[in-house]
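Asker: The structure under discussion is supplied below as structure tokens; questions concerning it will follow.
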Amino acid sequence: MDFGDLALLQDRQGRTYLFRLQEGGAFHYHRGLIRHEDLRAAGPGGKVVTPHGEVFTVHRPSLEDYVLKMPRATTPTYPKDAITLCLLLDLAPGMRVLEAGSGSGGLTLFLARAVGPTGQVYSYEARAKHQAQARRNLEAYENWGNVVWTLADLAESELPPGFFDAVALDMMEPWKALPAITPALKPDRFLACYLPNLTQVITLLQAIETEQLPYLHERTLEVLHREWDLRPPVAHPRFQQVGHTAFLVQLRRIHTS
Ligand SMILES: C[S@@+](CC[C@H](N)C(=O)[O-])C[C@H]1O[C@@H](n2cnc3c(N)ncnc32)[C@H](O)[C@@H]1O
């Protein structure tokens, strides 16, 4: 861990602080100051103690840490959902995955890691400001050199036929983009949508039925993590939990009859 690297500090209560180490820099805490030089010396997995005796552990931020704390243009796909989308899309190294919208780049980071340097993420975004933030976030954390950014409305875009192994949609009205996307997705491969509202899920499924689009609705699910507070003799579910984030809809492309 060196100057210029991202560091995550964690206090004894589990609160975390994300920042970049700078030569001459300092982390200002209400109970004392910690020099970045001391964090560099402690290294990942090490400990530092403030002049007031406050103990922090030093870490490299995981992808989950980073996405939850990175600067935002829009709310990123929640990490528990992003990793489940990779499962629902059956992603593997070397695959080509289409994504919209880029938003803050949270899901892009997970997709890029899943398909790896031999794969490619084609990330579409309609708003320049959002795309710029997504690009900055990817650059700031991890760049496999495998993301192609396109500033365009996906519903209006021309896509190469039978080109993508998977499609991930985190956008308000994904059904509007299905006519453009469908010929571009390989048969028997997956399209998954991240939809906060059940009304969106219903509209999506109705559009598939009324427009007779070639998809099987495999499943719709929610990802629920129930965290526990374990400090014996205290041992119970945490009083504050992440509640609803979104519904994940898994569709499988079939042949047109
Ligand atoms: C909730 S955000 C996506 C967040 C992103 N998944 C992340 O993890 O940071 C939705 C984004 O979709 C974009 N969007 C909506 N409709 C679109 C379309 N038809 N084509 C391209 N982008 C679109 C919006 O501008 C917005 O930035």
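Any read-out appearing in this document is the output of simple, stated calculations on the displayed coordinates, not a laboratory observation. In this text the structure is predicted, and so the values were computed from the model without any measurement. Heads up, the Cβs are rebuilt from the backbone with ideal geometry, glycines too, and the neighbour counts pull from every protein chain shown.
Asker: With respect to Pro183, determine if the residue is more than 21 Å from Gly101 (Cβ to Cβ) and not polar (S, T, N, Q).
Answerer: no
Asker: Right, something else. What's the number of the only condition in (1) surrounded by 15 or more Cβ atoms within 10 Å (Cβ to Cβ); (2) of a type outside the set (Asp, Glu); (3) farther than 16 Å from Thr77 by Cβ that Gln212 fails to meet?
Answerer: Gln212 satisfies every listed condition except (1).
Asker: Now a separate question. State all residues of the stretch 186-207 that are touching a Phe, Trp or Tyr at 6+ places or on another chain (Cβ under 7 Å) and either among the acidic types (Asp, Glu) or over 15 Å from Ala155 (Cβ atoms) (or both); if no residue qualifies, say none.
Answerer: Lys186, Leu195, Leu198, Val201 - these are the residues of the stretch 186-207 that are touching a Phe, Trp or Tyr at 6+ places or on another chain (Cβ under 7 Å) and either among the acidic types (Asp, Glu) or over 15 Å from Ala155 (Cβ atoms) (or both).
Asker: OK, next. Could you please find all residues in the stretch 1-41 being crowded, with 17+ Cβ neighbours inside 10 Å, over 24 Å from the mean Cα position of the chain (by Cα) and either under 29 Å from Trp228 (Cβ atoms) or of a type in the set (Lys, Arg) (or both)?
Answerer: If the condition is that a residue be crowded, with 17+ Cβ neighbours inside 10 Å, over 24 Å from the mean Cα position of the chain (by Cα) and either under 29 Å from Trp228 (Cβ atoms) or of a type in the set (Lys, Arg) (or both), then Arg40 is the only one that fits.
Asker: Looking at (1) assigned to a helix (DSSP H, G or I); (2) touching a Pro at 6+ places or on another chain (Cβ under 6 Å), can you tell me which one Ala180 breaks?
Answerer: (2)
One line per residue, one yes/no per condition, for (1) out of contact with any helix residue (DSSP H, G or I) (no Cβ under 9 Å at 6 or more places or on another chain); (2) within 19 Å of Tyr141 (Cβ to Cβ); (3) more than 12 Å from the ligand (Cβ to nearest atom); (4) free of Cβ contacts under 8 Å to residues at least 40 places away in the same chain:
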residue: His52; (1), (2), (3), (4): yes, no, yes, yes
residue: Thr57; (1), (2), (3), (4): no, no, yes, no
residue: Thr74; (1), (2), (3), (4): no, yes, no, no
residue: Pro79; (1), (2), (3), (4): no, yes, no, yes
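Asker: Another one. Among the residues of the stretch 109-132, which ones are within 7 Å of the ligand (Cβ to nearest atom) and either closer than 16 Å to Leu191 by Cα or not in a helix (DSSP H, G or I) (or both)?
Answerer: First pass over the stretch 109-132, keeping only residues within 7 Å of the ligand (Cβ to nearest atom): 124-127, 130.
Residues satisfying the conditions are Tyr124, Glu125, Ala126, Arg127.
Asker: If you don't mind, another one. Can you name the number of the only condition in (1) more than 29 Å from Ala246 (Cα to Cα); (2) in contact with a Ser or Thr (Cβ under 7 Å, 6 or more places away or on another chain) that Glu23 fails?
Answerer: Only one criterion is unmet by Glu23, namely (2).
Asker: Based on what the data block shows, is Ala126 touching a residue at least 60 places away in the same chain (Cβ under 8 Å) and either within 12 Å of the chain's Cα centre (by Cα) or within 23 Å of Thr182 (Cα to Cα) (or both)?
Answerer: When the stated conditions are applied, Ala126 does not pass them.
Asker: Something else now. Please go through the stretch 55-104 and pick out each residue that is in contact with a Phe, Trp or Tyr (Cβ under 8 Å, 6 or more places away or on another chain) and of a type outside the set (A, V, I, L, M, F, W, C).
Answerer: Pro61, Tyr66, Thr77, Pro79, Asp81, Asp90, Arg96, Glu99, Gly101, Ser102
Each row is one residue, and each column tells you yes or no for (1) buried (at least 18 other Cβ atoms within 10 Å of the Cβ); (2) under 19 Å from Ala82 (Cβ atoms).
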residue: Gln133; (1), (2): yes, yes
residue: Glu142; (1), (2): no, yes
residue: Leu151; (1), (2): no, no
residue: Leu154; (1), (2): yes, yes
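Asker: Can you name the residue in the stretch 141-156 that is under 18 Å from Ala128 (Cα atoms) and assigned to a helix (DSSP H, G or I) and is also farthest from the ligand (Cβ to nearest atom) among such residues?
Answerer: For the stretch 141-156, the residue satisfying everything is Glu156.
Asker: Has the stretch 203-212 got any residue that is within 18 Å of His255 (Cα to Cα), within 16 Å of the ligand (Cβ to nearest atom) and under 23 Å from the mean Cα position of the chain (by Cα)?
Answerer: No, the stretch 203-212 contains no residue that is within 18 Å of His255 (Cα to Cα), within 16 Å of the ligand (Cβ to nearest atom) and under 23 Å from the mean Cα position of the chain (by Cα).
Asker: Still on this structure: Are there any pairs, at least 6 apart or on different chains, whose C-beta atoms fall under 8 Å, with the first in the stretch 206-225 and polar (S, T, N, Q) and the second assigned to a loop (DSSP other than H, G, I, E, B) and loosely packed, with under 11 Cβ neighbours inside 10 Å, and if so, which?
Answerer: Nothing qualifies.
Asker: So how many residues does the stretch 84-108 have that are under 15 Å from Leu248 (Cβ atoms) and either within 12 Å of the ligand (Cβ to nearest atom) or in contact (Cβ under 8 Å) with a residue 40 or more places away in the chain (or both)?
Answerer: The total comes to 9.
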